[in-house]
Amino acid sequence: MTQQQESNNNTAPARQNGFLKALGAIDHGLGVFEAVVIAGCVLAMAALMSAHVVSNLLFQQGIPGTYEVTEMLIVVITFIGVSYAARHARHISMSAIYDQLGGRLRKALLIVLCLGTAVLMFYFAYKSVDYVLTLQERGRTSAALGIPMWLIYLALPFGFTLAGIQYVLTTIRNLFSDDIYRSFTEKEEYSDVPMDDSGQTQDANEHRGV
């Protein structure tokens, strides 16, 4: 093997690692944004509801618009949380067929699922943009505080777009890695439960007192 061939063989993994590191930096930045938004909304909702209760007790009158703002914050948490759940592989999944596969077939199915879900998320983002523009054109505002509703529902296209990006990152991670990843940072790990000669797990036998 010539020195040039050895150099090319060493350069390919370096480029691959550099590419994954760049994607990791993007993923980290998006993760910080999601965490700040979700944590901020939760803290704001808790503080507002607490202040509303205290105001009711002390002054027999709550803070106007509390429930309205709370509902808006829940909308933001819900749709930004879609991306957060995808990032940490905590989303609901139907895995009956997936769990029966192994090796390359398992990874191939995961890649197909991630790509399909990414397309679906981007489609939802596209449709939600139309919905937000419709709200803006109609001038819909909240009943108590008069807040433009399109500002709140911007969380829909943002959330779906972030979720789509997460599934794309997961796809790329699986294409460039030997292991199987359920998200860009979450490696799939199944712990095998030891079974006895009867085919029952040891945990099941312990619960029955065997």
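The values are calculated or read from the model by the stated rules, or taken from the named source; none is laboratory data. It should be emphasised that the depicted structure is a prediction, and the values quoted were computed from it without experimental measurement. All Cβ positions, even for glycine, are placed from backbone atoms using ideal geometry, and neighbour counts span all protein chains on display. Side chains are part of the model used for accessible areas, which takes the heavy atoms of the whole protein and leaves out ligands, DNA and RNA. Shrake-Rupley method; radii C 1.70, N 1.55, O 1.52, S 1.80 Å.
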Looking at (1) surrounded by fewer than 18 Cβ atoms within 10 Å (Cβ to Cβ); (2) out of contact with any Ser or Thr (no Cβ under 7 Å at 6 or more places or on another chain); (3) in a helix (DSSP H, G or I), which is the only condition THR117 fails?
(1)
Here's a check for you: in segment 69-88, which residue that is closer than 23 Å to VAL112 by Cβ and open to solvent by 30 Å² or more (accessible area, probe 1.4 Å) is farthest from the chain's Cα centre (by Cα)?
HIS88
Do you know which residues across segment 160-210 are among the acidic types (Asp, Glu), at pLDDT below 80 and either closer than 30 Å to TYR131 by Cβ or in a loop (DSSP other than H, G, I, E, B) (or both)?
GLU186, GLU188, GLU189, ASP192, ASP196, ASP197
Based on what the data block shows, is LEU105 outside any loop (DSSP other than H, G, I, E, B), at pLDDT below 90 and touching a Lys or Arg at 6+ places or on another chain (Cβ under 8 Å)?
no
Count of residues meeting criterion [acidic (Asp, Glu) and farther than 23 Å from PHE160 by Cβ] in segment 50-100
2
Please give the number of the condition VAL69 fails out of (1) farther than 22 Å from VAL37 by Cβ; (2) modelled with pLDDT of 85 or more.
(1)
Filter segment 40-64 down to the residues that are within 16 Å of ALA144 (Cα to Cα) and touching a Leu at 6+ places or on another chain (Cβ under 9 Å) and list them by number.
LEU48, ILE63, PRO64
Quick check on segment 19-32. Is at least one of its residues within 13 Å of the chain's Cα centre (by Cα), in contact (Cβ under 8 Å) with a residue 40 or more places away in the chain and either surrounded by fewer than 13 Cβ atoms within 10 Å (Cβ to Cβ) or under 30 Å from THR141 (Cα atoms) (or both)?
yes
